[in-house]
Amino acid sequence: MAGAVSALFLLDMKGRVLVWRDYRGDVSALQAERFFTKLLDKEGDSEVHSPVVYDDAGVTYMFIQHNNVFLLTAARQNCNAASILLFLHRVIDVFKHYFEELEEESLRDNFVVVYELLDEMMDFGYPQYTEAKILSEFIKTDAYRMEVTQRPPMAVTNAVSWRSEGIRYKKNEVFLDVVESVNILVNSNGQIVRSDVVGALKMRTYLSGMPECKLGLNDRVLLEAQGRATKGKAIDLDDIKFHQCVRLARFENDRTISFIPPDGSFDLMTYRLSTQIEKHSRSRIELMVKARSQFKERRCHKPKYKNFNGVCCICS
């Protein structure tokens with residue numbers, strides 16, 4: 001299990017502590033001063049661009065800068081650096097959701113809310129809830145609006161922290177967009193040296209309750225495991241990154257993307273395709289797109305609104 005963060009600091013551009021939260025009691029506020037001294041000593045050095053700084057006293061600092069604020073963590077244990085840096089970026093997103101923008105002035109004006117958020121987003125040095133929509137349901141910017149009997153939403157007490165309960169829509173809708181960009185490196189002779197495709201599956205969901213969605217891809221690994229022919233039909237997906245709602249164990253087992261989606265817009269997954277781009281001419285590119293629907297045909301007995309094909313607009 002990865003180590004825990006000892007404390008989190010919010011510093012101004014001069015290294016002065018604006019807010020700090022001690023989670024484990026094994027560091028002091030002086031750690032911020034030691035960090036900033038090391039940062040000043042390394043000005044002009046290429047290592048200053050590294051977001052991880054090690055102290056001889058056994059403390060590791062991980063930090064990012066946003067506007068005129070440094071977000072800094074201090075840890076005596078061996079932490080997952082990528083996870084902690086991602087957490088700091090999530091902290092920025094949450095603060096911007098509450099204060100419109102994260103800067104020194106907004107922190108000074110909202111000390112109480114800042115400490116409440118830090119207590120909910122990290123517990124004993126381990127990241128917890130970082131979804132702004134969920135946090136805003138029980139941590140209000142105007143504290144006087146809160147009621148004594150108010151309970152935290154179910155999302156913070158179960159495994160589905162990215163979706164609230166009780167969501168209802170008159171019409172359930174799901175929109176899926178596949179957005180891809182092609183990266184090509186060409187040498188001086190006009191020959192393609194390297195080419196790949198970077199893509200993302202962007203979704204907008206307006207579903208009631210706690211729906212479970214499943215999505216299948218023409219993944220080469222899945223098709224070969226099923227003993228099906230893959231010539232011209234399968235793709236090799238590299239560097240796959242999923243939203244936290246995806247059940248990773250299910251995907252590793254049968255390559256099915258199973259998830260309970262958040263409400264609204266989100267990126268379900270990102271990927272990269274190492275594919276060879278065929279050059280046809282200086283001004284022509286060839287694209288082949290196939291779309292197939294597996295929805296059963298439905299007929300409306302009393303169509304009220306029809307499109308040009310005579311199909312009911314509401315049922316289609």
Using R₀ = 41 Å, calculate the FRET efficiency as 1/(1 + (r/R₀)^6) where r is the Cβ-Cβ separation of S136 and A82; round to 0.05.
-> 0.95
A correct Karplus calculation of ³J(HN,Hα) over region 183-199, with 6.51 cos²θ - 1.76 cosθ + 1.60, θ = phi - 60°, whole Hz and x for Gly and Pro, returns 10, 10, 10, 10, 7, 5, 8, x, 8, 7, 8, 8, 8, 8, 10, 10, x
In order through region 167-178: 3J(HN,Hα) via Karplus (6.51 cos²θ - 1.76 cosθ + 1.60), integer Hz, x for Gly, Pro = 6, 9, 10, 5, 9, 7, 9, 9, 10, 10, 10, 9
Measuring from label point to label point, each 7 Å out along Cα→Cβ, what is the T256 to E33 span in nm?
-> 6.0 nm
Once amide hydrogens are built 1.01 Å from N within the peptide plane, the residues lying 5 or more places from C213 or on another chain with amide H under 5 Å from its amide H are F259, I260
With a 10 Å radius around each residue's Cβ, average the other Cβ atoms per peptide and rank 27-35, 240-248, highest first.
-> 27-35, 240-248
HN-Hα J in Hz across region 101-118 - Karplus 6.51, -1.76, 1.60, θ = phi - 60°, x for Gly and Pro | 8, 9, 7, 4, 5, 5, 5, 5, 7, 9, 4, 4, 5, 4, 5, 4, 5, 5
Within region 64-92, the residues whose backbone N lies under 18 Å from a label point placed 7 Å from the Cα of R24 along the Cα-to-Cβ direction are 72-88
In nm, spacing of pseudo-spin labels at D267 and V112 (7 Å Cα→C-beta vector) | 3.7 nm
What accessible area per residue, rounded to a whole number of Å², is obtained for region 52-109 using a probe radius of 1.4 Å?
-> 46 Å²
Across 5 Å bins beginning at 0, the whole-percent shares of Cα-Cα pair distances in region 7-143 come to 2, 10, 21, 24, 21, 13, 7, 2, 1, 0
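The values are calculated or read from the model by the stated rules, or taken from the named source; none is laboratory data. Bear in mind that the values here come from a model prediction, so they are computed numbers and not experimental data. Ideal geometry is used to build each Cβ from the backbone, glycine not excepted, and the neighbour counts take in all protein chains shown. These accessible areas exclude ligands, DNA and RNA; they are computed on the full protein's heavy atoms, side chains included. Shrake-Rupley method; radii C 1.70, N 1.55, O 1.52, S 1.80 Å.
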